[in-house]
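Enquirer: Shown below is the structure under consideration.
Taken together, the values in this text are just the output of simple stated rules run on the coordinates, not laboratory data. It should be emphasised that the depicted structure is a prediction, and the values quoted were computed from it without experimental measurement. Cβ atoms come from the backbone with ideal geometry, glycine included; neighbour counts cover every protein chain shown.
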Amino acid sequence: MEEKGQEVFSSRWGLILTLIGASVGTGNVWRFPRMAALNGGGSFVLAWTIILFSISIPIITAEMVMGRLTRHGAPGAFKDFIGKKYAWMGAFMAATTVAITGYYTVVMGWCLRYAFISLKGFEGKTTQELVQLFDSVSNGWINVGIFVGLLLLTAVIVAQKISRGIELIGKWLTPALYIVLLIMLGRALTLPGSVEGLKYLFAISPDTFFDSNTWLQALSQSAWSVGPGFGLVITMGVYTKAKSDVALNEFLQGVGDNSAALLAGFVVLPALFALAPSPEVAEEICRSGNYGLTFISLTQLFGGMAGGRILGCLFFLSLFFAAMTANVIFFNTGVVPLMDMKMSRKKATTIIFFVVFAIGIFSAYDIDFVNNQDWVWGMALLVGSLFTCFAIWKFGVEKTRSYINIPENELYIGKWWNVSVRFLAPVAIVILFVWSAIGAMKARPNDWWNPFVVDSFGTVILQVGLLIIVTLLFNKKLGESAENNYMNTVTEGYPEIPEEHQD
């Protein structure tokens, strides 16, 4: 039963749906089907599922323990968990997620606009006309206005108490996303030839399954989708009840994220295989990138099919729902550290609103900034995941597992978790970071070092490096910002939710 006055999730399912909503984003809907199509279908899906249980879920489980045990946002969580001199690591994670909110709000606006544009239809439009349409939607002052409106809506939601704002969005929009995808699935499977897409999604070939590229792509999909490294699970942990089952909650979050991606795959790939002239053309469409697939190729397919206007509207609504649920959690990840400094939720929300506005306004006006920020902060998330692994190692892996396996649990975690967090996860993350960096340098052999090139490795070094330097410089102040150490108030188990998070 909820204690009077506490800002806490009103029910377990409210928490779980919110956690799933935090993980399920646009990448589940537009990136997963594309990656599956380009990397062996079922081989990719199997590798991605193995990585979910062996790497992604263990990391987010660790982050949930950090948030619940310290009752602080990411900077304060690192401070109390492993010492004041490491508060900068949590600040790095929170700042990364705030930066992501800037361009993610922009992408959310594109999805909403396309939901309405779809009702007018794409019949008869050439590829060039669809490219011009996307260019007009993704750039310019109208886009800026929509960005401001959606950012304001996000702030209004976050400014409410957890049960009246973030949880409400999670409880309504997360199921709505699944319902829309199921409706689309029903239509997609009626298309002649759609079964071939499903067969491909489940076909496992030894050649592709044992290909290192398949595993690296599966690792990248899981790493950037489930939610490790954002600090958002740490933040959600602040508001979870002391006897709630950490292991089962995070298991359901991971499985919920993957089920949404699979459902999107069941929709997109059958539609592609049914409507593209040949499997080769379907594969070429997938190579056109996330935006090319979503806003150009798929709209062309919607324009050539019966009921395409409704299906297109539903597809972009599903993207908007996915983006909205994730966005409020991203925003809140920046708010909670300010609340640790005794600010009210409304004041902290106002400050983060202006910070996100200052960061995102450039992405709203020019898509090149979106591409740059997506690349840079995606790499920063890998760094954040490493920070989590380091924190668990320093605090004690077995000690952390003892906080996961509380008596009230329905699901218990074995010692395999220790191996994952101590060895498997950090090694896999480093490999993914190096692989991504090498790929960026190979793509731009002459100017990979240039920090002013949109997708160079140099721009990652500059922006991520600057954030590390800034958070290190302010580490002493960060270490003092969350004054209370709630870990010291209990001899075993978890502390209750503190007063500053009960407004």
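Enquirer: For region 252-324, calculate the relative contact order in percent as a whole number, restricting contacts to Cα pairs under 8 Å that are 6 or more residues apart.
Expert: 16 percent
Enquirer: In region 247-276, which residues have a backbone nitrogen under 20 Å from the label point lying 7 Å from Val490's Cα in the Cα-to-Cβ direction?
Expert: 247-251
Enquirer: Just want the ordering: Leu152, Leu248, Leu112, from fewest to most Cβ atoms lying within 10 Å of their own Cβ.
Expert: Leu152, Leu248, Leu112
Enquirer: Sticking with this one: Calculate the length of the line joining the C-alpha centroid of region 14-28 to that of region 334-393, in whole Å.
Expert: One Cα centre to the other: 18 Å.
Enquirer: Which entries of Lys399/Lys477; Lys161/Lys241; Lys120/Lys171; Lys171/Lys346; Lys241/Lys342 have Cα-Cα distances beyond 19 Å here?
Expert: Flagged as over cut-off: Lys399/Lys477; Lys120/Lys171; Lys171/Lys346; Lys241/Lys342.
Enquirer: If you don't mind, there's one more thing I want to ask. Once whole DSSP H runs in the chain are found, which of them have Cα atoms spread over 15 Å or more along the helix axis and a mean Kyte-Doolittle score of at least 0.5?
Expert: Details: long enough: 12-23 (17 Å, 1.21); 57-70 (20 Å, 1.12); 87-120 (51 Å, 1.03); 127-138 (16 Å, 0.21); 141-159 (27 Å, 2.42); 166-188 (32 Å, 1.45); 212-223 (16 Å, -0.28); 246-275 (44 Å, 1.38); 308-339 (46 Å, 1.64); 345-365 (29 Å, 1.28); 367-395 (42 Å, 0.89); 425-443 (27 Å, 1.89); 457-473 (24 Å, 2.48).
TM-like helix candidates: 12-23, 57-70, 87-120, 141-159, 166-188, 246-275, 308-339, 345-365, 367-395, 425-443, 457-473.
Enquirer: Counting only helical runs of four or more DSSP H residues, what would the 222 nm mean residue ellipticity of the chain come to if each run contributes -39,500 (n - 2.57) and the total is spread over all its residues?
Expert: -23000 deg cm²/dmol
Enquirer: Dipole size in debye (nearest 20) for the chain around its Cα centre, Lys and Arg Cβ +1, Asp and Glu Cβ -1?
Expert: Approximately 580 debye in magnitude.
Enquirer: Here's a follow-up. Quick check: residue separation of Leu153 and Ser205 times 0.36 nm, minus the Cα distance between them. What number comes out in nm?
Expert: 14.1 nm
Enquirer: Between beta-carbons, use under 12 Å as the cut-off and find the net charge around Arg401, counting Lys and Arg +1, Asp and Glu -1.
Expert: +2
Enquirer: On to the next question. Lys/Arg Cβ at +1, Asp/Glu Cβ at -1, dipole of the chain taken about the Cα centre: which of Ala91, Gln217, Ala36 is farthest positive-ward?
Expert: Highest projection toward the positive end goes to Ala91.
Enquirer: Kindly put Met487, Met93, Met64 in sequence by how many other C-beta atoms sit within 10 Å of each C-beta, fewest to most.
Expert: Listing Met487, Met93, Met64 from fewest to most nearby Cβ atoms yields Met487, Met64, Met93.
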